[in-house]
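Asks: Supplied in structure tokens, the structure appears directly below.
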Amino acid sequence: QVQVVESGGGLVQPGGSLRLSCSASGSIFATFEMAWYRQAPGKQRELVANILSYGRGKYGDSVKGRFTISGDNDNNTVTLQMNSLNVEDTAVYYCNFVTSRGDFWGQGTQVTVSS
């Protein structure tokens, strides 16, 4: 059984920074991709950033230059460093692992950017 646990998130003022972390544990034989998605109220879930196994991160246009994804395949952890946050970044953020056992999702963590 695979468990995915997220941490981080919270309330931050515009221009501030937050760091999200996520780890997967259990019977994972291989992780092919790690990613962060977000879903704002009334909107569809969108891809924020993803990183292939031992590869470089790729980013959605709205977060390029502000967010950085980092993945550790050996420990099945992924982080998202978010800088220069603005109110449009307010959403529930979900991590995702694409593995040899299937896709697994975190429980979601709220990020609220507000003054």
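Asks: Working carefully through the options Ser70, Ser62, find the one that is open to solvent by 50 Å² or more (accessible area, probe 1.4 Å), free of Cβ contacts under 8 Å to residues at least 60 places away in the same chain and in contact with a helix residue (DSSP H, G or I) (Cβ under 8 Å, 6 or more places away or on another chain).
Replies: Details: Ser70 fails: in contact with a helix residue (DSSP H, G or I) (Cβ under 8 Å, 6 or more places away or on another chain).
On inspection, the qualifying residue turns out to be Ser62.
Asks: Checking Trp36 against (1) of a type in the set (Phe, Trp, Tyr); (2) open to solvent by 50 Å² or more (accessible area, probe 1.4 Å); (3) in contact (Cβ under 8 Å) with a residue 24 or more places away in the chain, only one condition comes out false. Which one?
Replies: Just one mismatch for Trp36, condition (2).
Asks: If Phe29 meets every condition in (1) of a type in the set (A, V, I, L, M, F, W, C); (2) assigned to a strand (DSSP E or B); (3) open to solvent by 40 Å² or more (accessible area, probe 1.4 Å) apart from one, which number is that one?
Replies: All conditions pass for Phe29, except number (2).
Asks: So in segment 1-26, with the set limited to residues that are within 11 Å of the chain's Cα centre (by Cα) and on the phi > 0 side of the Ramachandran plot, which one is least open to solvent (accessible area, probe 1.4 Å)?
Replies: As a first pass, look at segment 1-26 and keep what is within 11 Å of the chain's Cα centre (by Cα): 6-9, 19-23.
Among the residues that remain, those that are also on the phi > 0 side of the Ramachandran plot are: 8-9.
Details: Gly8: 43, Gly9: 27 Å².
By that ranking, first place goes to Gly9.
Asks: If the Cβ limit is 8 Å and pairs must be 6+ apart or interchain, which residue in segment 97-113 that is under 22 Å from Gly9 (Cβ atoms) and without any contact (Cβ under 8 Å) to a residue 12 or more places away in the chain pairs with which residue that is among the polar types (S, T, N, Q) and open to solvent by less than 20 Å² (accessible area, probe 1.4 Å)?
Replies: Asp103/Asn96
Asks: Now for a separate question. Mind checking whether some residue in segment 44-55 is open to solvent by less than 20 Å² (accessible area, probe 1.4 Å) and within 22 Å of Ser115 (Cα to Cα)?
Replies: no
The values are calculated or read from the model by the stated rules, or taken from the named source; none is laboratory data. For clarity, every value in this text was computed on a predicted model and none was experimentally measured. A quick note on method: Cβ atoms are made from the backbone with ideal geometry, for glycine too, and the neighbour counts reach across all protein chains shown. Side chains included, ligands, DNA and RNA excluded: accessible areas come from the protein's heavy atoms. Shrake-Rupley method; radii C 1.70, N 1.55, O 1.52, S 1.80 Å.
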